[in-house]
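A quick write-up on the structure given underneath.
The numbers here are math on the coordinates, done by the rules we state, and not lab data. The shown structure was predicted, so the numbers you read here are calculated from the model rather than taken from an experiment. Don't worry about glycine lacking a Cβ; one is built from the backbone with ideal geometry, like all the others, and counts go over all protein chains shown.
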Amino acid sequence: MTSQLAAGQKAGYREAPCSGRLSPVQRVACAVARLAGWRFELPALPDRCVITGAHHTSGMDFFVGMLALLASGVEIHWAAKDTLFFWPAGAILRSLGGLPVNRRVRTNWVARMVETFQASHTFRLAILPEGTRRYTDHWKTGFYHIARLANVPIVFAFADYERRVVGWGPSLMPTGDIEADFEVIRDFYTGIHPRFPECAGEVTVRTVGQG
């Protein structure tokens, strides 16, 4: 099967209005982003989707990503290592949609997320596939297998530090041909400028022989 973007190319986003009838939380997020010199590109999200956040090279990515999440006004859950969810920060992170992931043991997390999708009319899950802020020669593929098994699209989220734009863009329905689908993902993120380009992970699948 041929991998194709399901919606909107790189130049086809619509701007989040940040005006009109907004909740107090949305107003605060828009105001903070404006003061920090960032703007949003936030097309409407599917009710059920996996969102890839890349490239993750700086702690600032969480800050601007959270602004986009709050400004969008939609519920998005996001995965993070469980060591971040210490008291009292854990309660705050969970209230913002955080889902702790224990990377030290096998927890069948992918299967559990697939079950959550299958049981939910609305569920959006954001994952950082690099899994680290340091350079890595491959992406973790859990996000892909969740989307494929749950039959939901993958939406590409980004923070472009050159344009000072944060948000999400086109989506890809996984075909099962992971190499071909990763070519589409790689093509999109080639045009995104992370804060520290030298730390950006390679948008590729780990091959046999890699550590």
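The antiparallel fraction among DSSP beta bridges confined to the chain stands at about 30%. Seen from a random direction on average, the alpha-carbon convex hull of the stretch 129-173 projects onto 3.9 square nanometres. Cβ screening of the chain for cysteine pairs under 4.7 Å finds these without a partner: C49, C199.
Neighbour counts of other Cβ atoms within 10 Å put L96, L35 in the fewest-to-most order L35, L96.
Using a 10 angstrom cutoff on alpha carbons, build the Gaussian network for the chain and name the most mobile of D47, D61, D177. Sorting by GNM fluctuation, first place goes to D177. Its relative contact order, with pairs defined as Cα atoms under 8 Å and 6+ residues apart, puts the chain at 31 percent.
Under a point-charge model restricted to the Cβ atoms of Lys and Arg (+1) and Asp and Glu (-1), what is the dipole moment magnitude of the chain relative to its Cα centre, in debye to the nearest 20? Taking the Cα centre of the chain as origin, the dipole is about 640 debye. Dividing the alpha-carbon radius of gyration of the chain by the rule-of-thumb value 2.2 N^0.38 Å gives 0.98.
This ranking places S171, S58 by how few other beta-carbon atoms lie within 10 Å of each, fewest first, which gives S58, S171.
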